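Asks: Dropping a structure here in structure tokens format, bear with me for questions.
The values are calculated or read from the model by the stated rules, or taken from the named source; none is laboratory data. Small disclaimer: the values here were computed from a predicted structure and weren't measured. For neighbour counting, all protein chains shown are included, and Cβ atoms are generated from backbone atoms with ideal geometry for every residue, glycine included.
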Amino acid sequence: MAAVDSGLRVVGGVETGAGFDDVTAIERTLTPQVVIALCGPLGTPLHEVAKNFRDLLLSTDYGYEYVEIIRLSDEIRRQSSLPGDCSIKDLIEAGNDLRKEHGNEVLAKLAIRKISIARAIEQEKAAQAKKAEHPDLFSTDSDDSLVPNVTLKWCHIIDSIKHVDELRLLRSIYGEMLYVVGVYSPIEMRVARLEVALKGDGIHDLIDRDSGEEIDHGQRVEDTFPQSDFFLRVEKTTDSHRISRVKRFLDLMLGTMVATPTVNERAMYAAFSAARNSACLSRQVGASITSEDGSVIATGWNDVPKAFGALYQTEGDGLNFDEDRRCWNLDGGVCSNDQEKKFISNYIVDKLIESELISREKKELALAVIRGKTQLKSLIEFSRAVHAEMHALLNAGATDGGKIRRGKLFVTTYPCHSCARHLVAAGIKEVIFLEPYRKSLATRLHQDAITENEGDVTKVRVLPFDGVAPSRFLKFFSAHPAGRKKDGRMILRDAEPVARISMEAVSTLEGLVVKGLESRRL
């Protein structure tokens, strides 16, 4: 680890004439330090990807001086006194127990503490160096709070988060210096890896459990993964394949190359942007359709249709909503789908009572079971909204109908089974999605025409998105504020994160987390 006076950038102001240059001091607190959190389903080569990140950051021109991989499974073993060779099942259950006892964020808190302690050691060195440089400005212990935090070209890699509450806390602490990378491999590869490691049955049960347990404190990769900043699909076992994918992300994150989005990234961003038009009370969904050559020919979003075509939208200057008949503006904001399901459940229970199959005293209990534990809660056909996929198809049909066939549809949420059958009929050859949708029966009802196997080109493939997440699209692909050229030639830039924040608040927030852990004696 580099010492403060040999490469680490000690921040602080410089003297300008009469006094201390506070503006420069503030600017220099912008840190090149980053935290990378990996997330991926069981069987994905997360450990290998973490090592690829570390090796590239240390051995290339990125200039990072210190990279540490924090294995959350090691934290589980340490806190639960598990042996190093414990089973995956034991790790899952021990992690669940920790979340149940100490909160769903506990593993993220343990990672934050490790990061905080490492930086605190360097900060103390920086404070002493700054006091020696400006003894007149930092003459007493009370001035310690004025010593700016040291900015370190460090990276911590968290391998790996499994719960959405872990992600929320990390984002609350680190903001834009946190980069979440969702790593994904086809199910066949994941099963093959696990068969070698486990040499036993129950692999598919473990994969399902890892994806999304019913208990609140269980592993919820399915909910966490879609919120990644970058999706990295590893469909080959070679080192060169992984390294090339990791390097593209690092080049984008550190601004070391002029990069433009792929066709898929551009199309998914169009879908993501379209979703922002939706006023649906349930969820915002966006879709885009590309022709066979990759051109975006239409977008769509979910919302209520209006007479004679199109959907309701904000008109004019956005101040008059008298003609807006969307659910948010009717009857105090009521979801028609939820209302209809309530009517159905009430009707069923009333009929059961009339038939003397249940007693009237059990009405509320019966309603709770029907509404919360049956397929009734999955019904979506009573919504007033046109689905995003259908809106995109209608828009494409109005202008470029012939280009739909053999095209692709990009959608922010996995298509429901109703939309899926229309996409098949329209001639879409591939669907790319961001978020899973557990209610969809698309592959079950249309297994003859739809597949999630990316190797099967005889059916319409429904595949997870790969590349820069729409939420980071503008940050990664916008030109540097200072421009790309000088005197007619391209500027070669040092590796610096495209999103940088001041460290001053980060250390304070980390301190709160550390204090919380100490109060729990962790």
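Asks: Residue 464: modelled with pLDDT under 95 and under 26 Å from residue 180 (Cβ atoms), yes or no? Outline the logic, then answer.
Replies: Values: modelled with pLDDT under 95: yes; under 26 Å from residue 180 (Cβ atoms): yes.
So residue 464 fits the description; yes.
Asks: Given the criteria farther than 30 Å from residue 311 by Cβ, surrounded by 19 or more Cβ atoms within 10 Å (Cβ to Cβ) and aromatic (Phe, Trp, Tyr), does residue 476 qualify?
Replies: Details: farther than 30 Å from residue 311 by Cβ: yes; surrounded by 19 or more Cβ atoms within 10 Å (Cβ to Cβ): yes; aromatic (Phe, Trp, Tyr): yes.
Yes: the conditions hold for residue 476.
Asks: Please give the helices (runs of 4 or more DSSP H) falling wholly within the range 161-241 in which 3 or more residues are surrounded by 19 or more Cβ atoms within 10 Å (Cβ to Cβ) and under 15 Å from the mean Cα position of the chain (by Cα).
Replies: Working: elements: 164-174, 187-198, 203-211, 221-224.
Because the criterion is at least 3 residues that are surrounded by 19 or more Cβ atoms within 10 Å (Cβ to Cβ) and under 15 Å from the mean Cα position of the chain (by Cα), the helices (runs of 4 or more DSSP H) in the range 161-241 that meet it are 164-174.
Asks: Hey, which of the helices (runs of 4 or more DSSP H) in the range 1-105, taking only ones fully inside, have at least 2 residues that are at pLDDT 90 or above and over 25 Å from residue 234 (Cα atoms)? Give the steps one after another, and end with the answer.
Replies: Details: elements: 22-27, 46-59, 72-80, 88-102.
The helices (runs of 4 or more DSSP H) meeting that bar are 72-80, 88-102.
Asks: Restricting attention to the range 380-421, and to residues there that are charged (D, E, K, R) and either more than 24 Å from residue 227 (Cβ to Cβ) or out of contact with any Lys or Arg (no Cβ under 8 Å at 6 or more places or on another chain) (or both), which single residue is surrounded by the most Cβ atoms within 10 Å (Cβ to Cβ)? Spell out the reasoning first.
Replies: Restricting attention to the range 380-421, the residues satisfying the condition of being charged (D, E, K, R) are 381, 384, 389, 400, 403, 405-406, 408, 421.
Adding the requirement that they be either more than 24 Å from residue 227 (Cβ to Cβ) or out of contact with any Lys or Arg (no Cβ under 8 Å at 6 or more places or on another chain) (or both) leaves 381, 384, 389, 400, 403, 405-406, 421.
Working: 381: 8, 384: 16, 389: 31, 400: 15, 403: 19, 405: 12, 406: 12, 421: 16.
Out of the qualifying residues, it is 389.
Asks: Identify, by number, the condition in (1) in contact with a Lys or Arg (Cβ under 8 Å, 6 or more places away or on another chain); (2) modelled with pLDDT under 95; (3) over 21 Å from residue 44 (Cβ atoms) that residue 185 doesn't meet.
Replies: Every condition holds for residue 185 apart from (3).
Asks: Identify, from the list 439, 362, the residue that is within 28 Å of residue 334 (Cα to Cα) and either in a helix (DSSP H, G or I) or among the aromatic types (Phe, Trp, Tyr) (or both). Talk me through it step by step, then tell me what you get.
Replies: Values: 439 fails: either in a helix (DSSP H, G or I) or among the aromatic types (Phe, Trp, Tyr) (or both).
Unique residue meeting the criteria: 362.
Asks: Need pairs with beta-carbon distance below 7 Å; first residue in a loop (DSSP other than H, G, I, E, B) and within the range 488-499, second surrounded by 12 or more Cβ atoms within 10 Å (Cβ to Cβ) and among the basic types (Lys, Arg); sequence gap 6+ or separate chains.
Replies: Here the result reads 498/475; 499/475, each pair linking the range 488-499 to a residue that is surrounded by 12 or more Cβ atoms within 10 Å (Cβ to Cβ) and among the basic types (Lys, Arg).
Asks: Considering only residues that are surrounded by 17 or more Cβ atoms within 10 Å (Cβ to Cβ) and among the charged types (D, E, K, R), which ones fall in the range 449-473? Before the answer, list the steps.
Replies: First pass over the range 449-473, keeping only residues surrounded by 17 or more Cβ atoms within 10 Å (Cβ to Cβ): 450-451, 459-470, 472-473.
Answer for the range 449-473, where residues must be surrounded by 17 or more Cβ atoms within 10 Å (Cβ to Cβ) and among the charged types (D, E, K, R): 459, 461, 466, 472.
Asks: Condition (residue is in contact with a His (Cβ under 8 Å, 6 or more places away or on another chain), charged (D, E, K, R) and crowded, with 16+ Cβ neighbours inside 10 Å) applied to the range 322-339: is it met by at least one residue? Full working, then the answer.
Replies: From the range 322-339, those in contact with a His (Cβ under 8 Å, 6 or more places away or on another chain) are none; that's our starting set.
For the range 322-339, residues in contact with a His (Cβ under 8 Å, 6 or more places away or on another chain), charged (D, E, K, R) and crowded, with 16+ Cβ neighbours inside 10 Å: absent.
Asks: Checking the conditions here, which among 274, 298, 287 is crowded, with 22+ Cβ neighbours inside 10 Å, over 23 Å from the mean Cα position of the chain (by Cα) and either at pLDDT 95 or above or assigned to a strand (DSSP E or B) (or both)?
Replies: 298
Asks: Just to be sure, is residue 434 touching a residue at least 40 places away in the same chain (Cβ under 8 Å), in a helix (DSSP H, G or I) and assigned by TED's automatic domain parsing to the domain that holds residue 274?
Replies: Working: touching a residue at least 40 places away in the same chain (Cβ under 8 Å): yes; in a helix (DSSP H, G or I): no; assigned by TED's automatic domain parsing to the domain that holds residue 274: yes.
Criteria not met by residue 434.
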